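One structure is given below, encoded as C-alpha cells.
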Amino acid sequence: MTRTLLHRLAVLPILLVGVTLLAFLLLHAVPGDPARALAGGRYATPQQIEQTRHQYGLDRSLPVQYERYVGNAVQGDLGQSFAFQKPVTKVLGERIPPTVELVGAALLLGVPIGLLLGIAAARRRDSWADHLTTLLSLAGVSIPLFWLGLMLAWLVSVKLGWLPLSGRLSPFQSLQSITGIDVLDALLRGQWSTFWDALRHLALPAITLSLVPLAFAARFARASFIEVLGQDYVRTARAYGIGEREIVWRHAAKNALLPLVTVLGIIAPALLVGAVLCEAVFAWPGLGSLLLGAMQARDYAVVQSVMLVMGLLFVVSTALVDLSYALLDPRTRRA
Amino acid sequence: MTAVSSGVERREFLRRAGMLGVGLSLPSGLLAACGSDAGSGAGTTGGGTRGGVLSIGATDWLPPDFFLGNSLGPWLLGMSQMAWGLFRGGGGSGRGFELQNGLASGYEVSPDGLVHTVRLRRGMVFHDGSPIDADAVVANLKAAFFARDPLRDRGTYVQVIITLGSPPIVRSVEAVDPHTVRITLTEARVDIRVALAFLLIFNPKVLANKDYGTDVQALRDAGSGPFRLTNWQAKSFMELERFDRFFEDVLPDRVRLQGIPDAGALALAARGGEISVVSGLAKSDFDSLSRTGGHRIVASDPAVNVDLVLSKPKDPIFDDERVRRAILLAMDRQAYTDRFFNSGSAQLSSEPIIVDGIPGFVPGLQAAPHDTTAARALMAQAGAKSPKLTIAGPTAQAPVSDFKALMEAIAADLGAIGIDASVDVQDPTAFSDALDHGRVEAFVSAPGGQADPFILFDLFYRGPYMPGATHTVPSIARNLDAAHKARTAGERDRLLQQVMRDTVDRQLVLPISWVAYSVLADGKVTDFPLTCTQLDSWHRVSVST
C-alpha cells in the first residue's frame, strides 16, 4: 500500500505539469489577446495595450511565461486573474466550495439510487425494474445535462413551483461563510431556515447532475451483480438454503461492489465537466461557470489553475481508488 | 463608378469601424436603451408606490471587477444605482438622447469652448453621510483624467478615452467653491456632459482606503446614488437597499440583480416569477413571454444601428461601389428586420452608424429597396465573377439574439447574386482579435446606445481620439475634425451630416436595421426607465408588493 502511495506521489507532479502545460499551450494557440481586452479593448491605444502586456508579463516568451507560472504555483501563487483583478487563489477559494457542494450532493444522491437500481435490475433480469434501469442508464449518459436541467426547471420550478430555479440562496438571505458550502455553513451556524433555503436551491442542480453518477453506478452495479450472482459460490449458498437477501447483501455485494470503487474514481472528475453545464443553467457560481467565463476572456491564469485543480482531483481520486482497492481486496495487498 | 479613396485607407478605417461595432455592441446587450418608460405616469416621484423588491435578471452584466472604483464602464447599470455621475440618462417622459442633471444642478460652457463649469446640488451626501461637495467631485475627476493621480485605479477609463482622448484634453480640474467645479480643456468642445455622465462619483475617502473593494462591507459607504450596496458576488448577483438620505425619493426598498448566463434558464426564471424585469432573452422566448406570460414589452426608440461592414475583403472587386450597392440591394433587410429582432423593436434603416436623435443624422433619406434583379445587373456591370466573401462574427451579439442565423441569411442572399459567401462563427474574443489583425472580410456591426455623436463617428472612422492624429479618409476626416472643434452645436451638426452623406453616397457601410433595446417587465413593475445613455436609475420604479 505504501508503495502504491509513493508511486502515486511520484507521478503526481509529472501529471500536473502535463495538465497545466496542455492547458497553457491550447489556450495560447486560440486567437485572442487578453492584454487588449484588459486595456480597454478596441478603445485602447497601442501604448496602453503594451503597458498592460508588460504589467502581466504577457510580453515574455511562452516558455518564460509558463516557467514563471509553474514556479509561482509551486509556492502557492497561482497568479493574478485578468478578469477578476485579484489573486487566482482567492477566486478559486470562492468558487471551489459551491462546486464541491453541488458535486457532493449529486454523488450522494446519484450513487445510492444507482446502486439500488442496478442491484434490483440484476436480481430480476428482464423485469420492468431491469428495463427502467437500462433506460435510466442510457439516459444518464446520453441526455445533455443542460437540456435536462432546463426541462426539470420548467417542470419543477415554473409549472409546479416547488423549488427555486437559480442561485444558492434566496435574495437578501445572509449567511456568514465558514466553509463556503452554504448547506453546511447554515447547519454549523444553526440557521435552520437558511439551511432549508440552501437545500431547496441545491435540489434542482443536484438532481440534474446526479443523473451522471446514477447512470454509471446503475450500469456497473447491474453488470457486476449479474456476474457475481452467477458464480459457483452463490449457487452453493443458494443450495445451502441461504436467503436471497443475505446472499446479495452479505456475500455477493462484497465482490460485486469492488469494481464500483473504480467507477467512483472516474465519476468524480467527470462530474466536474457536467457541473460546467449545470452551473450555467442554474446560475450556480462554481468552478464550472468560472472556467467557462475564463476561457472566453482568455483569463490564462484562471484557466490553467482550474485545470490544475481538476487534474489534481483526478490524480487524487485515482490514487484513492488504488488505496481503496488495497484496503478492500486482500489479494491486491498481497500482490 | 468611383473606388473609395485608396483601398488601403478604406480598409484601415473600416477595420476601425469594426472595432467600434463590436465595442459598442457587446456591452450594450444589457438594459441599455434609449427612449421610453415602461408603463404610464412618466415616473414622477410623487406618483409611484414606495416599497417592494425590484428583481432584475440578465444573461451577462455583473462585472467581475466591480470594485475598480471610478474607471467603471458605462454598461454597469448596477453600479449606476449605487453611484451617480454628474449627469445621467434622460428618464421620465424623454424619448431622445438628452441628458438630465444627476449630481449636478447646472452646466455652463465658456464661449471659447475651453472652460466647462458644473454646479452641484446642495445637501447631497455619500452613503457614509459625508458631503458630496466640489472637493469630492474634483478628486474623482482628477483620478479619471490624470494617470498619475493617487486615486487612479487599474481600470481602463474607456469613456474618458473615447470622449476626451488619450491623454485627455483636460488641462485642469478645480473646485471654485463648495458647489462649483471648473474643468479647463486644451481643445474646445461644445459639450462634455456625456463624458462626465459616465464618470460615477464615489466617496474619495473610501476610494483611498487600502481595503477598498476587497469585500462588500468596504463598498457599503462608497456610493453617491439612490441605493446602497448590501451584497454582491462577482458575475452572479448584486443586492442593494434604499439609501434614505438620497436627495430624491427612492421608491423600491431593495433591488436584486441576478445574472443567469443561460438564456433559456433566464426565460424560465422570468416565467416562474423569480425575476420581474428580464433582459437578454432569445427572440423566441421574448416574443412568447410577451404574448402569454403576463409580461409586457418595455422598448425604447431605436438606439442601435445594425449594419453590414465590408472590412477587409480579400477580393478587390468589393472596393467597387457598384458591388457594394449590389450587396445592399441583394440583402432582404426587411425580412431580417422582421425575423431577427424582438417583436416591434426594429425597423428598416436608411443610414448607418447612428440613429435618429443623434447629431449627424440626415432626415428624409430613403431606405434602399430589396431588388435582386438590379443587384445582379450591378454585379454584371462591375464584372464580378463569383467573388468569395466570408462574413465573420461572434456567437452572440446584442441586439441580435440569433446572430449566426442573421449572418447565414445574409450569406444566402448574397449567394443569389453570385457572391460565394460563407459564415465563420467565432467566440467574441477570437473575433475581436481577428478584427484587430485584419483577418475579417465582412461582419455585422451594431454600434449605438450612445448619446455623443463623436463616440460613434470617431471610433467608426479612426479609432480612439488622439489629439493631432492623422485621419484616414480625407473628406470625412476633414469634416470630423472640423466638427470636433465647432463652436456651436449647429455647426457641429452640419459637419457631421456631411460625414453621413459621404458614408451613404459611397456605400461605405451598408445599413440593415435600426433597433430599439427591449426588455420584458411583469405586472408588478411600472415606470421602468430605459434610456440611451445606459445610466438609468431605478429609484422611481414602482413595485407592487
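The values are calculated or read from the model by the stated rules, or taken from the named source; none is laboratory data. Here the structure is a predicted model, which is why all the values come from computation and not from measurement. Here the Cβ is made from the backbone with ideal geometry for all residues, glycine too, and neighbour counts use every protein chain on show.
Restricting attention to segment B:245-262, the residues being more than 7 Å from chain A (Cβ to nearest Cβ), surrounded by 18 or more Cβ atoms within 10 Å (Cβ to Cβ) and not in a strand (DSSP E or B) number 4.
Restricted to segment B:148-244, the set of helices (runs of 4 or more DSSP H) holding at least 2 residues that are among the aliphatic types (A, V, I, L, M) and surrounded by 23 or more Cβ atoms within 10 Å (Cβ to Cβ) comprises B:158-164, B:193-197.
Taking segment B:415-447 as the range and being of a type in the set (Gly, Ala, Ser) and at the interface with chain A (Cβ under 8 Å from one of its Cβ atoms) as the test, the residues that pass are B:Ala430, B:Ser432, B:Ala434. With respect to A:Ala275, determine if the residue is assigned to a helix (DSSP H, G or I) and within 14 Å of another protein chain (Cβ to nearest Cβ). Against the criterion (assigned to a helix (DSSP H, G or I) and within 14 Å of another protein chain (Cβ to nearest Cβ)), A:Ala275 qualifies.
For every residue, the table says whether it meets (1) in a helix (DSSP H, G or I); (2) within 12 Å of chain B (Cβ to nearest Cβ).
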{"site": "A:Pro112", "(1), (2)": "yes, no"}
{"site": "A:Val141", "(1), (2)": "yes, no"}
{"site": "A:Trp147", "(1), (2)": "yes, yes"}
{"site": "A:Leu150", "(1), (2)": "yes, yes"}
{"site": "A:Val156", "(1), (2)": "yes, yes"}
{"site": "A:Gly180", "(1), (2)": "no, yes"}
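Here A:Ala297 does not qualify as among the small types (Gly, Ala, Ser), on the phi > 0 side of the Ramachandran plot and within 27 Å of the chain's Cα centre (by Cα).
It is to be established whether one or more residues within segment B:283-292 are touching a residue at least 24 places away in the same chain (Cβ under 8 Å), buried (at least 19 other Cβ atoms within 10 Å of the Cβ) and in a strand (DSSP E or B). Within segment B:283-292, not a single residue is touching a residue at least 24 places away in the same chain (Cβ under 8 Å), buried (at least 19 other Cβ atoms within 10 Å of the Cβ) and in a strand (DSSP E or B).
Could you tell me whether any residue of segment B:160-171 is within 21 Å of A:Ala44 (Cβ to Cβ) and either of a type in the set (S, T, N, Q) or assigned by TED's automatic domain parsing to the domain that holds B:His484 (or both)? Checked segment B:160-171: at least one residue is within 21 Å of A:Ala44 (Cβ to Cβ) and either of a type in the set (S, T, N, Q) or assigned by TED's automatic domain parsing to the domain that holds B:His484 (or both). In segment A:32-74, of all residues being among the aromatic types (Phe, Trp, Tyr) and over 30 Å from the mean Cα position of the chain (by Cα), the one that is nearest to the other protein chains (Cβ to nearest Cβ) corresponds to A:Tyr43.
Taking the listed residues B:Gly364, B:Gly438, B:Gly360, the one that is at pLDDT below 90 and outside any helix (DSSP H, G or I) is B:Gly438, with no other qualifying.
Scan segment B:326-340 for residues that are charged (D, E, K, R) and either buried (at least 24 other Cβ atoms within 10 Å of the Cβ) or modelled with pLDDT of 95 or more (or both) and the total you get is 2. For segment B:406-413, the criterion of a residue being surrounded by 21 or more Cβ atoms within 10 Å (Cβ to Cβ) and within 20 Å of B:Ile317 (Cβ to Cβ) is satisfied by at least one position.
Let's see how each residue does on (1) under 30 Å from A:Ala35 (Cβ atoms); (2) not acidic (Asp, Glu):
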{"site": "B:Ala368", "(1), (2)": "no, yes"}
{"site": "B:Gly383", "(1), (2)": "no, yes"}
{"site": "B:Thr390", "(1), (2)": "yes, yes"}
{"site": "B:Ala412", "(1), (2)": "no, yes"}
{"site": "B:Asp420", "(1), (2)": "no, no"}
{"site": "B:Asp424", "(1), (2)": "yes, no"}
{"site": "B:Pro428", "(1), (2)": "yes, yes"}
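Is there a residue being buried (at least 20 other Cβ atoms within 10 Å of the Cβ), more than 27 Å from A:Ile181 (Cα to Cα) and aromatic (Phe, Trp, Tyr) anywhere in segment A:55-64? Scanning segment A:55-64, I find no residue that is buried (at least 20 other Cβ atoms within 10 Å of the Cβ), more than 27 Å from A:Ile181 (Cα to Cα) and aromatic (Phe, Trp, Tyr), so the answer is no.
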